[in-house]
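Trainee: Handing you this structure, nothing more for now.
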Amino acid sequence: MRRELFGVFGGRERFERIRSPAEFDRIVGGETITVGVRDFALGLPGRSSTYDAPSGCCAIWGEAFLPRDVETPLSTAEWLFERYAEEGIDAFEKLNGSYLVALEHDGDGVVVTDPIHSSEGFYADTDHGRCFGSDASRLTRVLDSPTLDCRGLCEFLHFGLTFGPTTTITEVRRLPYDGYLTADSTGELSRFVYRPREFEYAKELAVRLERAVRRRSTYPGRKGLLMSAGFDSRLLLAGLSDVDVCYTLGTPSTPEVEIARKLAAQYGAHHHLLHVNDDYLLAAPDIVRYTQGVRESVHIHHRGNANEITTNTIYHGLLLDTLLRGHYLPRDTIHLGPISRDFPLPRLRPEPDVPSEFADRLGYFDGGDRPLVDCREIDADTPQEFLRETVERHYQRGFDRADSQYNAMALLGLKCKSALPFRNHLADHHLESFVAADAELIDWHLSTPPEHRNDRTYQQALRLVDGEILRHRPPDRPHRTYQLNQIEKYLRKTLPVLQPFGTPWPDRDRIYDENDLDHRLFPDRSDLHALPPRVKLRITDARTWLEHAGRGTVPSADDLVQVSSPL
């Protein structure tokens, strides 16, 4: 990858036994930690920075800002180093952004991620000591004999992701959520804890959204925005005064593209259509490596058009719906028997079935009569048991940070972050900004009761940012309320005189079939052909990533997949 942070707990000699200094733009270290940073944005304001001192060092990798009330000539890394010297681990509560940090002071070494783990960190205990970094495949290659984590693989194939610290390699682990790593332990911080209170939710959100966008508005070069017809990307277009071009994936005649084109014109930006092509489901190592082996690549929607995105800086609205609009919150419905249809109610579901809610949102595969991987670590005889055991266990772990079942569900959804490979790919090719990781927006999420984290509050905030921002409404949400939109959606599906709402994404199953991917991907495994395309793409992701990371020392994923008889 073009960008990377890699380090060891130990001196420079240990580091150089594993990696060449020539691979990195800068190396800093002391007795406890040595870390290398490679980043084309190193040294830019708000981006990666390093600091070396007689008493230690600090390396910040990613997007990081000082608190609003701090004015200093120091680099972000030097400022954080000095705060850590005074406050210890509490110093990280004041850092804002999407980052991975390695810091040593007076022999005390620590690695820390941002509060929502949007810049993911991994570690492994190797023959060379404990190593850590931003690229899980590089850690896997340090291991002499990496072994497959069969539970991680089974989670990946059924959910499209792995949970908690688990990866698909037994020896490679993820840093704890809102957590830290030392030479011999891991621990959790308290930056992400739900503490709901009463305030003017929409008004305060509008102010914070404007500040979050403004904080990231000074990046250099031509600026681009990945643009849909939805709410999140139009917020960035309204808040940034100098977007040069908006990119939308689709076909020219779809309502999604038509609305995106109107939005770009409304704010004076050029619009560029990314045509869907045969590479939309490309599963080459150069793409799959951005999954880190823990998430599916299907969310890297722009993969087939990457060369068309020519701007220096790129913006997107990833995770704004999760943090601000309650994407993982269960909406209540009422069942109307005569038409066999559930209609939404303006409230949260009183007693949600948490595993079922996440099965729907994550694209869980429950076909057959047994899990797709034969694994002794899985105490479940059927995929349904595996679903409930896995989700319930990780959901319950959230109550040390959450005050209610709804916030525990929201927390689990944020821990999943299934679309993160989309961001990883962008950040490796452009100066990418992750607005949703702004500390003020995270604080709004933690402070706002779940019943107010919805489309109504969000749209009120958008209109406060710009009264004309909703002039062109999303084609599948023509009304202001969720309930009316769902009613019209039902009528369009039911009445032959009305055209159904389209989808903003290409038809994955059709593209899979048109490209004859069964025979291209699984020529010797016809027993897999009956699986849904998304599951077969996950198998391909796992196989490709393991081959890329393990250099043939790890078993092939498709060799370990068992297909149940009903398929």
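The values are calculated or read from the model by the stated rules, or taken from the named source; none is laboratory data. Keep in mind that this is a model prediction, so the values were computed, not measured. All Cβ positions, even for glycine, are placed from backbone atoms using ideal geometry, and neighbour counts span all protein chains on display. Each accessible area value is taken on the protein alone, full model and side chains, heavy atoms only, with ligands, DNA and RNA left out. Shrake-Rupley method; radii C 1.70, N 1.55, O 1.52, S 1.80 Å.
Trainee: Charges only on Cβ, +1 for Lys and Arg, -1 for Asp and Glu: so what's the dipole of the chain about the Cα centre, in debye to the nearest 20? Write down the numbers at each step before the final one.
Mentor: Working: 69 positive and 87 negative charges, 356 e Å.
Dipole about the Cα centre, nearest 20: 1720 debye.
Trainee: As an exercise, use a Förster radius of 35 Å and the Cβ-Cβ distance of His275 and Asp90 to find the FRET efficiency, rounded to the nearest 0.05. Spell out each step's value before the answer.
Mentor: Details: r = 50 Å, r/R0 = 1.43.
Efficiency, rounded to the nearest 0.05: 0.10.
Trainee: Once you treat every alpha carbon in the chain as an equal point and sum by Debye, what is log10 I(q)/I(0) at q = 0.05, 0.07 Å⁻¹?
Mentor: Values returned for q = 0.05, 0.07 Å⁻¹ are -0.20, -0.41.
Trainee: Ordered by residue, what ³J(HN,Hα) values in Hz, to whole numbers, does region 149-160 give under the Karplus form 6.51 cos²θ - 1.76 cosθ + 1.60, where θ = phi - 60° and Gly and Pro are x?
Mentor: 8, 5, 5, x, 5, 5, 4, 4, 5, 8, 10, x
Trainee: Of the peptides 521-533, 78-90, how do they stack up when ordered by the mean number of other Cβ atoms within 10 Å, highest first? Write down the numbers at each step before the final one.
Mentor: Working: 521-533: 14.8, 78-90: 17.7.
In descending order of packing, they fall as 78-90, 521-533.
Trainee: How large is ³J(HN,Hα), in whole Hz, for each residue of region 126-137 in order, when computed from phi with the Karplus curve 6.51 cos²θ - 1.76 cosθ + 1.60 and θ = phi - 60°, using x for Gly and Pro?
Mentor: So the Karplus estimates, Gly and Pro as x, are 10, 5, 9, x, 6, 10, 8, x, 8, 10, 5, 5 Hz.
Trainee: To continue, here is another question. Within the set of other residues whose C-beta is less than 12 Å from the C-beta of Arg349, count the net charge using Lys and Arg as +1 and Asp and Glu as -1. Mind showing how you got there, number by number?
Mentor: Numbers: positive: Arg331, Arg347; negative: Asp332, Asp342, Glu351, Asp353, Glu357, Glu451.
Its environment carries a net charge of -4.
Trainee: When the chain is fully extended, how far beyond the present Cα-Cα distance does Gln266 get from Arg473, taking 0.36 nm per residue of separation?
Mentor: Values: separation 207, 0.36 × 207 = 74.52 nm, distance 1.26 nm.
Result for the pair: 73.3 nm of gain on full extension.
Trainee: Turning to a different aspect of this structure: Please compute the Kirkwood hydrodynamic radius of region 120-234 from all pairs of different C-alpha atoms, in Å with one decimal.
Mentor: Working: mean 1/r = 0.0553 Å⁻¹.
For region 120-234, the Kirkwood estimate is 18.1 Å.
Trainee: Between Thr333 and Leu345, what is the label-to-label distance in nm when each label sits 7 Å out along the Cα-to-Cβ direction?
Mentor: It is 1.4 nm.
Trainee: Roughly what % antiparallel, to the nearest 5, for the DSSP beta bridges in the chain? It would help to have the intermediate numbers written out before the result.
Mentor: Values: 55 of 71 bridges.
Approximately 75 percent, going by the DSSP bridge assignments.
Trainee: Hey, another quick one. Could you pull out every residue, at least 5 positions away or on a different chain, whose amide H is within less than 5 Å of the one on Thr147? Hs are placed 1.01 Å off N in the peptide plane, and Pro or chain starts have none.
Mentor: Placed amide hydrogens put Thr170, Glu171 under 5 Å from Thr147.
Trainee: A follow-up question, please. Given R₀ = 51 Å, FRET efficiency for Arg14-Ile487 by Cβ-Cβ distance, to 0.05? Intermediate results must be reported in sequence, preceding the final value.
Mentor: Details: r = 63 Å, r/R0 = 1.24.
The pair Arg14/Ile487 has a calculated efficiency of 0.20.
Trainee: Go through 280-290, 262-272 and give me the packing order, highest mean Cβ count within 10 Å leading. Don't skip to the answer; put the middle values down first.
Mentor: Details: 280-290: 19.1, 262-272: 17.0.
Descending mean neighbour count gives 280-290, 262-272.
Trainee: Ratio of region 36-159's C-alpha Rg to 2.2 N^0.38 Å, to two decimals? Intermediate results must be reported in sequence, preceding the final value.
Mentor: Working: Rg = 16.4 Å, N = 124, 2.2 N^0.38 = 13.7 Å.
Rg over 2.2 N^0.38 Å, computed on Cα atoms: 1.19.
Trainee: Rolling a 1.4 Å sphere over the protein heavy atoms, what is the accessible area per residue of region 29-160, to the nearest Å²?
Mentor: On the way: 4130 Å² over 132 residues.
Per-residue accessible area for region 29-160 comes out at 31 Å².
Trainee: If I compute solvent accessible area with a 1.4 Å probe over the protein chains, what percent of it on the chain is carbon and sulfur? Walk me through the numbers on the way to the answer.
Mentor: Working: 10520 of 22610 Å².
C and S fraction of accessible area: 47 percent.
Trainee: Going through the cross-link list Lys262/Lys536; Lys94/Lys415; Lys262/Lys415, which pairs have a Cα-Cα distance over 31 Å in this structure?
Mentor: Values: Lys262/Lys536 37 Å; Lys94/Lys415 21 Å; Lys262/Lys415 35 Å.
Pairs exceeding 31 Å: Lys262/Lys536; Lys262/Lys415.
Trainee: Using the Karplus curve 6.51 cos²θ - 1.76 cosθ + 1.60 with θ = phi - 60°, work out ³J(HN,Hα) for each residue of region 42-53 in order, rounded to whole Hz, and write x for Gly and Pro.
Mentor: Computed from phi, the couplings for region 42-53 are 4, x, 6, x, x, 10, 3, 8, 9, 8, 10, 8 Hz.
Trainee: Also, I was wondering about something else. For region 62-127, what are Rg and Dmax over the alpha carbons, in angstrom?
Mentor: 12.5, 45
Trainee: Give me the number: length gained by fully extending Asp369 to Val193, i.e. 0.36 nm times residue separation minus the C-alpha to C-alpha distance, one decimal in nm. Provide the component values of the computation, followed by the final result.
Mentor: Working: separation 176, 0.36 × 176 = 63.36 nm, distance 3.88 nm.
Taking Asp369 through Val193 to full extension adds about 59.5 nm, to one decimal.
Trainee: Right, next: With charges set only on the Cβ (+1 for Lys and Arg, -1 for Asp and Glu), what does the dipole of region 188-258 come to about its Cα centre, in debye to the nearest 20?
Mentor: Numbers: 12 positive and 10 negative charges, 85 e Å.
In total the dipole reaches around 400 debye.
Trainee: What distance in nm lies between label points placed 7 Å from Cα along the C-beta direction at Arg214 and Ala22?
Mentor: For Arg214 paired with Ala22, the spin-label model returns 4.8 nm.
Trainee: Also, quick follow-up: To one decimal place, what Kirkwood hydrodynamic radius in Å is obtained for region 1-99 from all pairs of distinct Cα atoms?
Mentor: Details: mean 1/r = 0.0720 Å⁻¹.
Hydrodynamic radius (Kirkwood, Cα only) of region 1-99 equals 13.9 Å.
Trainee: Decide, for region 258-328, between rounded, prolate and oblate: order the square roots of the alpha carbon gyration tensor eigenvalues as a ≥ b ≥ c, take rounded if a/c falls under 1.5, and otherwise choose prolate if a/b is larger than b/c, else oblate. Write out the running numbers ahead of the final one.
Mentor: Values: a/c = 2.14, a/b = 1.24, b/c = 1.72.
It is oblate, given that a/c is not under 1.5 and a/b is not larger than b/c.
Trainee: Go through the chain and flag any cysteine with no other cysteine's C-beta closer than 4.7 Å, please.
Mentor: Among the cysteines of the chain, those whose Cβ sits 4.7 Å or more from every other are Cys57, Cys58, Cys131, Cys154, Cys246, Cys416.
Trainee: Something else: Within region 240-267, which residues have the backbone N less than 13 Å from the label spot 7 Å out from Arg222 along Cα→beta-carbon, could you tell me?
Mentor: Residues passing the 13 Å test: 243-247.
Trainee: Ranked highest first by average number of other Cβ atoms within 10 Å, how do 377-385, 325-333 line up?
Mentor: Working: 377-385: 14.3, 325-333: 18.6.
By packing density, highest mean first, the sequence is 325-333, 377-385.
Trainee: Taking a ≥ b ≥ c as the square roots of the eigenvalues of the Cα gyration tensor of region 162-321, is the shape rounded (a/c under 1.5), prolate (a/b larger than b/c) or oblate? Working shown, then result.
Mentor: Numbers: a/c = 2.22, a/b = 1.24, b/c = 1.79.
Oblate.
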